[in-house]
Every structure is written in C-alpha cells, then in structure tokens.
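To keep things clear, I will list the structure first and then write my remarks on it.
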Amino acid sequence: MQAKLLTIIGVFLAAIGITMAQATADAPQIQAPAPPPIISFDEMKPYATWAGTDEFVVSFPSSVTSDHEQNNVVPIHILLPHDKTGPFPVVVILHYWGALNRNVERAMGQEFNRRGIAAVLMTLPYHLERTPPGVRSGELAIQPDVTQLRTTMLQSLQDTRRAIDYIQTRPEFQHDKIGITGLSLGAIVTALVYGVDTRVSHAVFVLGGVDIANILWHSSRVVPQREALRQKGFTEERLRDELADLEPGTFLKQRETKDALVVTARYDTVIPSKASQELIDDLGTSKISWLNTGHFGGAFVQKRLLSETGDYFENAFNGTPYQPASNLGAPTIRLGVQYNPATGMDIGFGLDFFAAGNQREYAGTALITPRGLRLFLGRRTSDQLSVGILIDARRIAPGILWSTVL
C-alpha cells in the first residue's frame, strides 16, 4: 500500500513538473518594438579636426516624435581615424544623463580612432542640441510620468537603431563590426539596444544596470522623481509592470549571442548594486572591471578606463580572446560625517588607505576634518554607514562614519 501511494505521488509530481515546464515553454516572449522605418540620410559635413581624428556631423529626424521640436532632430558626430583608409569597425557611444558637452565621449572616440576604430556619438533625447528652451540638458529625460518615461526610453532605442541604419549606408564603416558603449544613462540605453538589435555584436557598459524600476526606486540621483511617483500611487512593482515591454534585462535574456564588458563601481549609489549585478547575470559575462569608487569616481582614472574600453573593442573586432583588468585602481574618496563620544561630530573628507573582506567591508580611512586629521578603522554595516574606532593625536575612541563615496 505504501509503495503504491509513493508511486501515485511520484506520478503526480512528475505531471506537475511537465505541466510547469510546458507552461514556461509556451509563455510568449515580450516582443521588441518594430525597427524605425528606413529613410534616406543627408551627407555628413566636416565639423573639426583633432589629433588623429577627423570629425563630421549629420542629423536625421527621430521616428518617435515629442511635443518639442528641438528633441525631434537627432544629431550624430562621426569620428574617423585621420589619414587612414577604411572601412573601419565602428562603436556607437551614448553619453550620461545631463551631459553638457561631448568631452568624455569625444575622448573615448579618439581612443578608438588611435586603434583604427571609428566612433559615432549620438545625442540622447532632451540633451545638448535636443534640449528645449528654458530647461537644462537632460532635465526632461527622466520625469515622474510613466507615459513620458516610456516614450523617452522608446525614442532612445529607436534613435540609436536609426543611427545604426545610417552606419550601414556608409562606405566608411565595416557593417559587420558594430559595437556600442554607454556611460550611466547611456549604459542603460546600451543594454536595451544590445538586447534588441543583433546588428550590434559587442558592447561595453560603464556604470550601468538593468531593471529600470529598481534603479528609479533606489537610486540616490532621482529622489524627487521617485517621491513624485509615490505621490501618484506608484510602487516599485507597479512601475516594473508599466515598463516591462521596454525593460533592457528582458531582451538581454532573450538574446542568444553575447560578448560584453561591464565596468561597475563598488560604492555606486546612483546605479544600485542589484541593478549592476542583474546586468552581469543577464549577459552571462565574466568580463568585469571594478572601480573602487562611487558613481563619479571613474573621472580619477579616465585614461585607464578609456584604454580598457579600447582594448576590449580592439580585441573583440579582431576575434582575439581578452580578459580585462579586474580592478582599474581608482582611489576610494569619501565625503562624510564622523562622530565619537569624546569630540562629537565632524565633517570629514578622506581617502581609504586599505580595504579588506570579500565585499571590502573592512576599511581604514584618513579623514581631514576642521579639528585636524582623523583615522577611522571600521566595518561597513550598510552602503553609507560604518562603525569602528576613531584615532587622533590624543585619543582612540569608538565612533561611526556616515559617508558617500565619490
């Protein structure tokens, strides 16, 4: 009787398993938006000549129109290696949120040019020349309006796909060697484009992530927008549902062939660590370079960061195996407040002089405060709070340090 009962249970469980597997297999995939209609493009015009680089400019109409005329025209800057004969491999470069100029992206493009790789710098919606009068560059790109968020994300995707259409019309480029990279917001858009458009073979994500709802709900950079969404009754889960058909992670999971490098920061509060880790998981990549900084610390090692990105694309386009530097060596610079019972509270600006532990949770920090130099030795208990001891010229005392890493 017992044996018979176990057999029945086994058959029942097997049937459930088969049913669940079948349901998973039959579940429809979220379909990517249809590509923008094919158009004719104007001829590119000379813009400037830099050391080793000839820069050109061209613009085209966005296929997703907004109420702002300036935002509906997409300028792209093309950087070609000077005095070299193409066609060249090419990388599309997408900038960060609130960009006021193209300095970082142009420096990256020149790094590529030195390696015989062309670059296309595309302006994201509501930035630079696409900024409507009376607002800051990027101010309208992230608004506490879900319909507007969806439209801006869709426009970013479709504009980039149209830039790739342009690349494929030009004899200067190798049409089968197209890469893409982005910084911060640009890296989020890069994830969406790379997930959707298989014409792009390789990608580098610098300080980016996936799960847009998670980023908006936990980022230190969008507090006013998040609070406004809460006032409208949104939760993180509801926001995730509303943005599901434009979620980059969805399409990265569905993409079959992936080759990418991820550059991420250990103390990033702008792009939450969960979002960065999900990006890594969705890509299934072991090519990861770490910055021992917050979101803005890459500026301290910009030259090395650009070199790492250039190394990756050069090897990827040549079909050469490449393993990036696991640590880009940026300093961990903190701005914070320290407290101990003996001297009270002080504002401090400091530098970590050592770190240990699997998550670098144990650290020593030299702090400059209005009362002089302090040494803090402690353990992180959260992203911004550490407990330990404070040492000055006269005493050692228990203390806490609340800090943010640049």
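At a glance:
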{"item": "Strands (runs of 3 or more DSSP E) wholly inside the stretch 361-406 that include at least 2 residues being without any contact (Cβ under 8 Å) to a residue 40 or more places away in the chain and surrounded by 16 or more Cβ atoms within 10 Å (Cβ to Cβ)", "result": "362-369, 372-380, 385-391"}
{"item": "Hits in the stretch 209-243 - residues which are in contact with a Ser or Thr (Cβ under 7 Å, 6 or more places away or on another chain) and either aromatic (Phe, Trp, Tyr) or surrounded by fewer than 20 Cβ atoms within 10 Å (Cβ to Cβ) (or both)", "result": "SER220"}
{"item": "Residue, farthest from the chain's Cα centre (by Cα), within the stretch 87-122, restricted to residues that are under 15 Å from VAL204 (Cα atoms) and among the aromatic types (Phe, Trp, Tyr)", "result": "PHE112"}
{"item": "All helices (runs of 4 or more DSSP H) inside the stretch 202-307 with 3 or more residues being at pLDDT 95 or above and of a type in the set (A, V, I, L, M)", "result": "212-218, 223-231, 273-283"}
{"item": "Odd one out for ILE93 among (1) more than 28 Å from ASP245 (Cβ to Cβ); (2) assigned to a strand (DSSP E or B)", "result": "(1)"}
{"item": "Residues (surrounded by 12 or more Cβ atoms within 10 Å (Cβ to Cβ) and within 24 Å of the chain's Cα centre (by Cα)) located in the stretch 330-360", "result": "ALA330, PRO331, THR332, ILE333, ARG334, LEU335, ARG360"}
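The values are calculated or read from the model by the stated rules, or taken from the named source; none is laboratory data. Worth saying up front: this structure is predicted, and the values here are computed from it rather than measured. Cβ coordinates were reconstructed from backbone atoms using ideal geometry, including for glycine residues, and neighbour counts include every protein chain displayed.
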